Amino acid sequence: MRINMIAIRKHISLALGYFFLVALLGVVLRLFSFADVPATYKFLVHTHSHVALLGWVYVGLTSLIYILFLEDAGIERVYRRIFWFTQFTILGMLLSFPFQGYALFSIVFSTLFLVASYFFAWMVFKKTPEEFKSRFSYKCIHASLIYMIASSVGPWALGGIMSTLGSTSIWYKLAIYFYLHFQYNAWFVLALCGILFFIAENNKLKISRTDFKSFFIFINIAIALTFFLSVLWTQPNTIFYNLAGIGAVLQLFAFLKFYNILKHARLGSVIKPFPRLLLIISGWLLVVKLLAQLLSALPYFADLAYKTPDFVIAYLHWVFLGLISPVLLALLNHFKLMKLSKTGFWIFFAGFLFTEIILIFRGVAMWQRWTMPEHLSVYLFAGSCLFPIGIGWVFLNNLRAKS
């Protein structure tokens, strides 16, 4: 076995460790609603979100991209330096955000992380062997990394906005939404699509160039236009509602085309049953996400979503826990970079379903002015406890398998 593969498996174990910490932080955050917690809620939210996006998903995706496209590029030493410098920045955020929120040290570590991510993107752009650059998979990965870089405009803008307009300004929220949109709907999703295309290409499955071109055009236009879904809470000019609606429709067409490409290529025939099941489940959750975004292009529902925090949290968790994380777990398992415990995953997924039902019910109850059942926050806390149990099970099972 190549030393690179062994190293990457260790990196994935580290990513799973971050995922476990994120789950524990989520449980602590649920405690705030009914218990006295000696910590600052807002600071822990920052820690939770940063480690989730940058510790678990970023490390998982970049490790996969390296092993698939750059393993034979002769840049192992460069990659290792970038990787460990990235871990230094994540650890810095993990140790600074809980105690000070957005302040000197956390901003320094966040900035250093952005610099590390730029170096990773540069490495992929410059060092990927030419044999890969004509592939559909690389085109998706290349575009996803461009969106990753573009998303950093949000964090860069936050410093200036906080020092001039303050954190209560609408521009502060817009900068955060800009970052989240291009992370969730562009960098993460398009990178996962690229890795699925890589599986098809490596197994010599036929993909129509015309169909891929249609998908690629639709998805990129959709990514640009659906950002406007994130600004509709400001009640802008009608043109922005129209652009957001067009983007949501194009996004539906893009993923319908994506599904047809993979179906006709018979991608499922080269993926083992359990990872394939995870992809199918996430596919159905993607359909719900796309329809929810289409609905949110309507003024009434755009305003409703903004005024109902539980709907926003439910949506973010729907995408992160129901779509991105299961697909990433399935792909890591497919490429034999981790052992995926079925028991651990189903405990995790039960927590996802249970907490989503409560969040959506609570949002609907607030919307319709229903009487809120007692102890709902306690039930939400109990459901959240399933996350560290399930992820911890996967993490420990993976460590045991490695040893």
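Worth pointing out:
- Failed condition for Phe352, given (1) within 28 Å of Ile6 (Cα to Cα); (2) among the aromatic types (Phe, Trp, Tyr); (3) surrounded by 20 or more Cβ atoms within 10 Å (Cβ to Cβ): (1)
- Hits in the stretch 61-86 (condition: in contact with a Phe, Trp or Tyr (Cβ under 7 Å, 6 or more places away or on another chain), farther than 22 Å from Leu196 by Cβ and either crowded, with 22+ Cβ neighbours inside 10 Å or of a type in the set (Asp, Glu) (or both)): Tyr79, Thr86
- Among the residues of the stretch 364-396, those identified as part of a helix (DSSP H, G or I) and over 23 Å from the mean Cα position of the chain (by Cα) are Val364, Ala365, Met366, Trp367, Gln368, Leu376, Ser377, Val378, Tyr379, Ala382.
- Of the criteria (1) over 30 Å from Trp122 (Cβ atoms); (2) β-branched (Val, Ile, Thr); (3) in contact (Cβ under 8 Å) with a residue 24 or more places away in the chain, which one Ile199 fails: (1)
- The residue of the stretch 99-110 that is surrounded by the fewest Cβ atoms within 10 Å (Cβ to Cβ), among those that are part of a helix (DSSP H, G or I) and without any contact (Cβ under 8 Å) to a residue 24 or more places away in the chain, is Leu104.
- Comparison of Leu250, Leu180, Leu196 shows that the only residue that is in the same structural domain as Ser151 (by TED's automatic domain parsing), over 30 Å from Ser169 (Cα atoms) and surrounded by fewer than 21 Cβ atoms within 10 Å (Cβ to Cβ) is Leu250.
- Test result for Gly245, touching a helix residue (DSSP H, G or I) at 6+ places or on another chain (Cβ under 8 Å), small (Gly, Ala, Ser), modelled with pLDDT of 95 or more and not assigned by TED's automatic domain parsing to the domain that holds Val364: yes
- Only one of Ser325, Ser384 that is surrounded by 15 or more Cβ atoms within 10 Å (Cβ to Cβ) and over 30 Å from Phe69 (Cα atoms): Ser384
- Checking Ala330, Ala305, Ala292, Ala314 one by one, the residue that is in the same structural domain as Ile199 (by TED's automatic domain parsing), touching an Asp or Glu at 6+ places or on another chain (Cβ under 9 Å) and either more than 26 Å from Tyr177 (Cβ to Cβ) or assigned to a helix (DSSP H, G or I) (or both) is Ala314 and no other.
- Here the condition is being under 30 Å from Thr234 (Cβ atoms) and part of a helix (DSSP H, G or I); of Phe352, Phe320, it holds for Phe320 alone.
- Qualifying residue in the stretch 68-79 (condition: more than 18 Å from the chain's Cα centre (by Cα), assigned to a helix (DSSP H, G or I) and closer than 28 Å to Ile221 by Cβ): yes
- Considering residues of the stretch 124-171 that are among the hydroxyl-bearing types (Ser, Thr, Tyr) and buried (at least 16 other Cβ atoms within 10 Å of the Cβ) only, the residue farthest from the chain's Cα centre (by Cα): Thr128
- Qualifying position, being assigned by TED's automatic domain parsing to the domain that holds Gln293 and among the β-branched types (Val, Ile, Thr), among Ile347, Ile324, Ile357: Ile324
- Where Gly154 falls short, out of the listed (1) among the small types (Gly, Ala, Ser); (2) in the same structural domain as Phe228 (by TED's automatic domain parsing); (3) over 20 Å from Leu229 (Cβ atoms): (3)
- Helices (runs of 4 or more DSSP H) within the stretch 182-269 that include 3 or more residues over 24 Å from Ser63 (Cβ atoms): 209-226, 238-265
- Restricting Ser96, Ser151 to those that are among the small types (Gly, Ala, Ser), touching a residue at least 12 places away in the same chain (Cβ under 8 Å) and in contact with a Ser or Thr (Cβ under 9 Å, 6 or more places away or on another chain) reduces the list to Ser96.
The values are calculated or read from the model by the stated rules, or taken from the named source; none is laboratory data. From a predicted model like this one, the values you see are computed outputs, not experimental measurements. When we count neighbours, we look across all protein chains shown, and the Cβ atoms used for this are built from the backbone with ideal geometry, even at glycine.
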